[in-house]
1. Quick check, is Asp17 of a type in the set (Asp, Glu), modelled with pLDDT of 95 or more and away from ligand 2 (no atom under 14 Å from the Cβ)?
2. Restricting the search to the range 32-57, which residues are part of a loop (DSSP other than H, G, I, E, B), within 14 Å of ligand 1 (Cβ to nearest atom) and surrounded by 14 or more Cβ atoms within 10 Å (Cβ to Cβ)?
3. What's the number of the condition Ile16 fails, among (1) in a loop (DSSP other than H, G, I, E, B); (2) surrounded by 14 or more Cβ atoms within 10 Å (Cβ to Cβ)?
4. Say we look at the range 61-74 and pick out the residues that are in contact with a Phe, Trp or Tyr (Cβ under 9 Å, 6 or more places away or on another chain) and within 15 Å of ligand 2 (Cβ to nearest atom); which of these is nearest to Cys15 (Cα to Cα)?
5. I'm checking my understanding of the structure. Among residues of the range 1-13 that are among the hydroxyl-bearing types (Ser, Thr, Tyr) and either assigned to a loop (DSSP other than H, G, I, E, B) or farther than 19 Å from Glu76 by Cα (or both), which one is nearest to ligand 2 (Cβ to nearest atom)?
Amino acid sequence: MAYVITDTCTKDELCIDACPVNCIHPTKDEPDFESVPQLYIHPTECIDCGACVPVCPTTSIFVLEELPEADAHFAEINAAYYN
Ligand code: SF4
Ligand code: SF4
């Protein structure tokens, strides 16, 4: 498990543009982009580079170890998107 997106995400895709390994989905050309409430980081494809964090205007991305207690469940929510 690596970085995690929480529900303050506005799907503006800025993190997608910043991610060097394309592990944030769905992108807007994927069929479920409109229906998902937020974007999700793949738990094993993420390389922990941190490049997505400073570009997020809503501070929605956290490294797992620094997830706020109230947002702890988003680790599983991000992983579940890829199951
Ligand atoms: S940069 Fe932040 S608000 Fe924008 S899509 Fe990524 S997580 Fe969501
Ligand atoms: S930490 Fe790096 S690899 Fe992981 S989602 Fe963010 S930009 Fe992508």
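The values are calculated or read from the model by the stated rules, or taken from the named source; none is laboratory data. Note that the structure is predicted; figures quoted are calculated from it, not measured. When we count neighbours, we look across all protein chains shown, and the Cβ atoms used for this are built from the backbone with ideal geometry, even at glycine.
1. no
2. Hits for the range 32-57 are Phe33, Val36, Gln38, Leu39, His42, Cys46, Ala51, Cys52, Val53, Val55, Cys56.
3. (1)
4. So the first thing to find is which residues in the range 61-74 are in contact with a Phe, Trp or Tyr (Cβ under 9 Å, 6 or more places away or on another chain), and the list is 61-64, 67-68, 71, 74.
With within 15 Å of ligand 2 (Cβ to nearest atom) added as a condition, the list becomes 61-64, 67, 74.
Values: Ile61: 9, Phe62: 12, Val63: 14, Leu64: 16, Leu67: 17, Phe74: 17 Å.
Here the answer is Ile61.
5. Applying the filter and picking the extreme gives Thr6.
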